[in-house]
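The values are calculated or read from the model by the stated rules, or taken from the named source; none is laboratory data. Keep in mind that what you see is a predicted model, and the values were worked out from it rather than measured. Every residue, glycine among them, receives a Cβ derived from its backbone with ideal geometry; neighbour counts consider all protein chains shown. Protein only, heavy atoms only, side chains kept; ligands, DNA and RNA dropped before computing areas. Shrake-Rupley method; radii C 1.70, N 1.55, O 1.52, S 1.80 Å.
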Amino acid sequence: MKITDVSAVYLRLPEIKARTDSSQDALLVRIDTDAGVTGWGEVDGCPWVVKAIIDAPMSHTIVTGLRNLLIGEDPMDVARLWTKMYEGTLYYGREGAVIQAMAGCDLALWDIKGKALDQPVWKLLGGRYRDKLRVYSSNMFQFTPEATADRLRAAMDEGFTAAKFGWEPFGKDPASDCAYLDALRKAAGPDFDIMLDVGLIWDATTTIQRAKLFEPYGLAWIEEPVHPDDLSGYRRISQNITQRLAAGEEECTLRGFQRLIDEGGIGLAQIDLTRCGLTQAMKIAQYAADKGVLVANHNFTTDLNTAASLTFLSAVPNAYVLEYCVEPSELSRNLARDPFVQRDGFMDVPDVPGLGFEPNFDVIEKYAVGSL
């Protein structure tokens with residue numbers, strides 16, 4: 001079996017709002033083979049940049065687009081192809097958008113391998129530790145405490161047992177922050193888990209002060225309060241708060257997570273499969289397990305990310321919980337032909353060949369930018 005084509009497909013909603021909401025567009029990677037087996041991946045990054053990285057022709061042997069590196073290769077050689085992509089992009093890659101583009105290709109290759117062998121990918125990873133994952137409802141903060149609490153009540157009505165709220169307008173002052181968390185806790189009651197995503201806007205001292213103030217609200221974790229490069233800040237925070245400290249969605253390499261764990265002292269590594277790829281995510285999870293750190297996914301995009309995340313988290317012993325974006329975007333909810341659903345706060349791990357995602361071409365054709 002040989003790879004015959006690699007396509008980057010950009011999907012975009014008609015209106016893009018100035019919010020930190022990555023459910024407004026999507027970049028899919030499609031890999032076709034001469035055996036008629038097609039694999040699908042996704043990249044949560046800057047779609048036009050990723051598309052250029054995939055489509056670019058060869059400049060020279062270590063400045064080459066990913067499509068050129070993969071055409072003609074055996075898609076079953078997933079680990080070797082990761083190395084080939086890494087070495088073939090050495091001058092302009094090694095971090096950031098190039099690794100993210102590689103991640104989308106890596107997911108598509110794993111999808112092909114599972115389909116070709118008629119096995120779910122988790123079985124190819126060594127088996128699964130669980131057949132379902134506890135899932136939480138992932139939300140943007142709304143612009144009033146009551147509207148935000150309404151989101152939590154909607155999550156409870158759907159059967160979720162946990163919810164996360166993040167980013168603007170939260171974090172501006174202590175009184176406003178407490179008003180939001182007070183509304184959430186009153187709506188949730190004592191037994192519902194609430195996670196907080198600060199959105200990178202504080203320094204370490206502010207975070208420590210806020211964490212102390214927030215102790216009565218029983219937060220399951222505090223996520224990304226400081227800039228991802230502020231490893232010393234993460235270390236100070238981890239040593240001075242009682243809540244679990246979570247981070248990692250900006251990271252796309254094993255090295256990046258090693259720094260966050262070793263230098264930053266985080267207690268929960270949040271791995272985005274559409275930025276790291278499955279091959280590398282397994283190495284990150286193993287490193288985290290060796291350090292006594294839990295892992296979760298990051299997912300504020302589509303059901304393809306959900307499928308990859310379920311596959312990954314089922315196959316590692318230190319998985320904690322599954323993030324699921326509930327923003328009202330057709331890309332996040334309806335991109336799969338059979339959308340994933342949670343029941344009683346859990347989501348089943350796909351038990352079909354590949355990653356368990358089959359595209360809804362009606363939605364793809366509706367939102368595709370340019371030709372498919």
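Among the trypsin sites (Lys or Arg not before Pro) within region 117-184, those in coil by DSSP and having at most 14 neighbouring Cβ atoms inside 10 Å are LYS172.
Answer with a single label: of (1) 166; (2) 127; (3) 141, which was calculated as volume of the Cα convex hull per residue in Å³ from the structure in view? Calculated volume of the Cα convex hull per residue in Å³: the matching label is (2). Projected label points at TYR10 and THR83, each 7 Å from Cα along the beta carbon direction, are separated by 3.4 nanometres. The slack between LYS186 and LEU117, meaning 0.36 nm per residue of separation minus the straight C-alpha distance, is 19.8 nm. Ligands, DNA and RNA left out, the accessible area of the chain computed with a 1.4 Å probe is 50% carbon and sulfur. For ARG255, neighbours were defined as the other residues whose beta-carbon sits under 10 Å from its Cβ, and their charges (Lys and Arg +1, Asp and Glu -1) total 0. Distances between every pair of Cα atoms in region 106-198, grouped in 10 Å steps from 0 to the bin holding the largest one, split as 15, 35, 17, 19, 13, 1 percent. For region 91-157 versus region 305-370, the inter-centroid distance based on Cα atoms is 7 Å.
Taking every alpha-carbon pair under 8 Å whose residues sit at least 6 apart, region 32-146 reaches a relative contact order of 31 percent. With R₀ set to 25 Å, the beta-carbon distance separating THR20 from SER176 gives a calculated FRET efficiency near 0.90.
Only one residue of ASN139, ALA116, THR64 has its Cα farthest out toward the positive end of the dipole of region 55-140, where Lys and Arg carry +1 and Asp and Glu -1 on Cβ, and that residue is ASN139. Note on LYS2/ARG94: beta-carbon distance plugged into 1/(1 + (r/R0)^6) with R0 of 41 Å gives a FRET efficiency of 0.90. Across LEU268, LEU124, LEU133, mean-square fluctuation computed from a Gaussian network of the chain (C-alpha pairs under 10 Å connected) peaks at LEU124. A simple count of charges around ARG94, restricted to other residues whose Cβ falls under 13 Å of its Cβ and scoring Lys, Arg +1 and Asp, Glu -1, yields -1. If the chain linking ASP351 and GLN286 were pulled fully straight, counting 0.36 nm for each residue of separation and taking away their Cα-Cα distance, it would gain 21.1 nm. Per the Debye calculation on region 35-144 with a single equal scatterer at every Cα and no solvent contribution, log₁₀ I(q)/I(0) for q = 0.16, 0.18 Å⁻¹ amounts to -0.80, -0.93. When all protein chains stay in place and ligands, DNA and RNA are ignored, the 1.4 Å accessible-area order of HIS60, HIS227, largest first, is HIS227, HIS60. Full extension of the chain between ALA147 and HIS60 yields a length gain of 25.9 nm, computed as 0.36 nm times the residue separation minus the alpha carbon distance. Computing FRET efficiency as 1/(1 + (r/R0)^6) for ARG337 and VAL49, where r is the C-beta to C-beta distance and R0 is 30 Å, gives about 0.60. DSSP beta bridges fully contained in the chain are about 45 percent antiparallel. Most fluctuating residue of SER59, SER232, SER176 in a GNM of the chain with Cα springs under 10 Å: which is it? Maximum fluctuation in the GNM of the chain, among the listed residues, is at SER59.
Scaling the Cα radius of gyration of region 218-329 by the globular reference 2.2 N^0.38 Å produces a ratio of 1.00. A DSSP coil position with no more than 12 other Cβ atoms inside 10 Å describes the following GluC sites (Glu not before Pro) in region 20-101: GLU95. Per residue, the chain exposes an accessible area of 39 Å² to a 1.4 Å probe, with every protein chain left in place.
Where the centroid of each part is defined by its Cα atoms, how far is region 1-73 from region 183-258 in Å? Cα centroid to Cα centroid, the span is 33 Å.
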